[in-house]
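Below is one structure, written out as C-alpha cells; comments come after it.
The values are calculated or read from the model by the stated rules, or taken from the named source; none is laboratory data. Computed from a predicted model, the values in this text were never measured in an experiment. Ideal geometry is used to build each Cβ from the backbone, glycine not excepted, and the neighbour counts take in all protein chains shown. Only protein heavy atoms, including side chains, enter the accessible area calculation; ligands, DNA and RNA are left aside. Shrake-Rupley method; radii C 1.70, N 1.55, O 1.52, S 1.80 Å.
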Amino acid sequence: MKNINIHKLSAKEKKKLHTWIRALIQLIYFLFLPSVYTAAFSGVKYIFTQIGAQEKIALTSFVTVLIVICVYTVIFGRFFCGFACAFGSLGDAVHALYRYLCKKMKKKPVSIPDRWNNQLSYLKYIVTVGIIILCFLGVYQKAQGTSPWDVFSMIHAGNYKLSGYIPGLILLILIIVGMGIQERFFCRFLCPMGAIFSLLPVLPFLSLSRDREACIKGCRGCTRKCPSNIELPTAGLVEVRGDCFQCQKCIDTCPKSNVHCGIKTIKGNEIWFTILRAAILAGLMIWLGV
Ligand code: SF4
Ligand code: SF4
Ligand code: SF4
C-alpha cells in the first residue's frame, strides 16, 4: 500500500484530506456518540426547571456533560459544533445532498438571501429564552411532544413510536428542509445550545484570525466559504467570533494560508491537531458515560 507523506501533498490535496477526515470524525460521532447534544441540552433544561421550582440543583450526569462541554468550548472553541454534534452533522449531510442533487439535475439551489441571514441568527436567542421561560415555569415537560431533537433522538435510537410526537416530527421535517437550503440552518438560526456556546468566551490562542495585510486585494474567500458568513478579525486583535463553528473551512480555503489560530505555528487545521481535539472530546464523553 502506498504511504501518504502529508508534507508532500499539495494545498488542494491537503484540503481534500482534511475534508475527508472531518467527514469521518463526524460519522464516528454520529454513529457512536449521538447523545452529547441532547445530554447537554437536558442539563440546561434541568437547571432552569430546578431554579423555577426553587429546588436544589444537583450535579446530575446531564449537568456534568453540560459543564464539561462548555469548558471544552472555552478552551477549544466550538469544535464540538464543527466536528462532533450529531445534529450539526445531520445538517451538513442534508445540505451536501441537496447541493449534489441540484448539481445533478442542473437546477439552481434555493438559498436564503445573505441580507436575511444575520437578522435570522438572532432567532436562536429568542428560542433559547422561550425554552428557559417554559422550563422556569415548569411547563416545558408538558410540551415534550413538540421537541424536534427528542424526535431525532428517538429515530436515531430506532424508536419509531412517534404518535405522541407529531408536532415535534413536523418541526424536525421543516428543520431538515431548512438544513437543505441553508448550510447550518438549525445551528445558525434556531439551536439553543448554539446560542449558549456563542456567548461563551474562547481562549484567544485558539480563536481564528487572518493576517489582513497579507490578504489578496478584494478577496473575501474565507467569508464566502464560512457557513456563518464570518468576517475574521485581523491577527493580533483579541476578538472572538461566537458564531464560529470551528469547522476550519476558512483555513482550508484560503489560497494564501492566511487564516490561523493564535498560536503562531499552528494554523488550526493540522490533521494531528484535529484528531487530538476529537480524541480528547471522545475520551471525556466516554468517561462521562454519554
Ligand atoms: S449549533 Fe447546536 S445543533 Fe449546531 S452543531 Fe452546535 S450544538 Fe449542534
Ligand atoms: S481567503 Fe485568505 S486571502 Fe482571502 S480574505 Fe480570507 S484570509 Fe484573506
Ligand atoms: S469557516 Fe472559519 S470562521 Fe467560519 S465557522 Fe468555519 S472555522 Fe469559523
Revision key, fill the gap. Filtering region 237-252 for residues that are surrounded by fewer than 16 Cβ atoms within 10 Å (Cβ to Cβ) and modelled with pLDDT of 90 or more leaves a count of 0
Check your understanding: If you scan region 90-144, which residues turn out to be closer than 28 Å to THR19 by Cβ, in contact (Cβ under 8 Å) with a residue 24 or more places away in the chain and of a type in the set (Phe, Trp, Tyr)?
Key -> TYR98
**Study point:** region 206-234: number of residues that are touching a Cys at 6+ places or on another chain (Cβ under 7 Å) and open to solvent by 70 Å² or more (accessible area, probe 1.4 Å)
**Key:** 1
Review point. Would you call ILE275 under 19 Å from LEU17 (Cβ atoms), modelled with pLDDT of 90 or more and either buried (at least 16 other Cβ atoms within 10 Å of the Cβ) or among the aliphatic types (A, V, I, L, M) (or both)?
Key: yes
Practice item. Give just the number: which of (1) within 16 Å of ligand 1 (Cβ to nearest atom); (2) open to solvent by less than 30 Å² (accessible area, probe 1.4 Å); (3) under 26 Å from SER257 (Cβ atoms) does HIS18 not satisfy? Key: (1)
Review point. Which of the residues that make up region 224-254 are free of Cβ contacts under 8 Å to residues at least 40 places away in the same chain, touching a helix residue (DSSP H, G or I) at 6+ places or on another chain (Cβ under 8 Å) and within 11 Å of ligand 2 (Cβ to nearest atom)?
Key: LYS225, CYS226, ILE230, GLU231, LEU232, THR234, ALA235, LYS249
Point to revise | Pair list, Cβ under 9 Å, 6 or more apart: region 167-189 residue touching a residue at least 12 places away in the same chain (Cβ under 8 Å), other residue charged (D, E, K, R) and not in a helix (DSSP H, G or I) | key: CYS187/ASP243; ARG188/ASP243
**Study point:** Selection from region 221-245 of residues that are within 8 Å of ligand 3 (Cβ to nearest atom) and touching a strand residue (DSSP E or B) at 6+ places or on another chain (Cβ under 8 Å)
**Key:** CYS222, LEU232, ARG241, CYS244
